[in-house]
Amino acid sequence: METQIQITCEEIPGKANARIVRFTGDLDATNVDFTTEQIFSYFGDGIIRIIADFKQMRYVNSTGLGILLHFNKSAKEKGGCFKIVNLNENVYEIIEIIGAASLLDIYEEMSEALASLE
């Protein structure tokens, strides 16, 4: 059974190679392939600066967290970034327990994440 996740992408005015990518649902082993295809298609299109909005993200497990770390590394290798914003308490707790909070660029507010793109 595949867990539902929805990923939408929107342009950031004045930032040609940057997008806000909104995640809705759960990120786990059942949909990590779909999620990887989506994010790497953005990289392939030259979008190397991504702000991942997790406002509607309900859950992430260790498999999902692993792929987030991979996105972060891949973006940096391309000269870009993968920033995360609007984490709910449950998702942040998982990231913190696994010890990945210091490895990811995490912001509380969208305005902070957008300002960090400068």
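Laboratory data are not the source of any read-out in this text; all were calculated from the coordinates shown. Just so it is clear, the structure is predicted and the values come from calculations on it, not from any experiment. Glycine also receives a Cβ, built like all others from the backbone with ideal geometry; neighbour counts cover every protein chain displayed.
Any residue that is exposed (fewer than 13 other Cβ atoms within 10 Å of the Cβ), charged (D, E, K, R) and within 13 Å of the chain's Cα centre (by Cα) - is there at least one of those in the stretch 95-109? Scanning the stretch 95-109, I find no residue that is exposed (fewer than 13 other Cβ atoms within 10 Å of the Cβ), charged (D, E, K, R) and within 13 Å of the chain's Cα centre (by Cα), so the answer is no.
For the stretch 67-90, the set of residues classified as in a loop (DSSP other than H, G, I, E, B) and under 11 Å from the mean Cα position of the chain (by Cα) consists of Asn86, Leu87, listed by residue number. If only residues of the stretch 35-48 that are out of contact with any Ser or Thr (no Cβ under 9 Å at 6 or more places or on another chain) and within 21 Å of Ile95 (Cα to Cα) are counted, the one that is surrounded by the most Cβ atoms within 10 Å (Cβ to Cβ) is Thr35.
The numbered conditions (1) in contact with an Asp or Glu (Cβ under 7 Å, 6 or more places away or on another chain); (2) in a strand (DSSP E or B) are all true for Ile51 except (1). The set of residues in the stretch 91-118 being in a helix (DSSP H, G or I) and without any contact (Cβ under 8 Å) to a residue 24 or more places away in the chain consists of Tyr92, Glu93, Glu96, Ile97, Ser111, Ala115. Selection of the stretch 54-65 for residues being surrounded by 15 or more Cβ atoms within 10 Å (Cβ to Cβ) and part of a helix (DSSP H, G or I) yields Gly64, Leu65. Annotation for the stretch 7-16: no member residue is surrounded by 13 or more Cβ atoms within 10 Å (Cβ to Cβ) and more than 21 Å from Ala113 (Cα to Cα).
If you check Ile7, Ile39, Ile67, Ile12 for being among the hydrophobic types (A, V, I, L, M, F, W, C) and closer than 20 Å to Ser111 by Cα, only one passes: Ile12.
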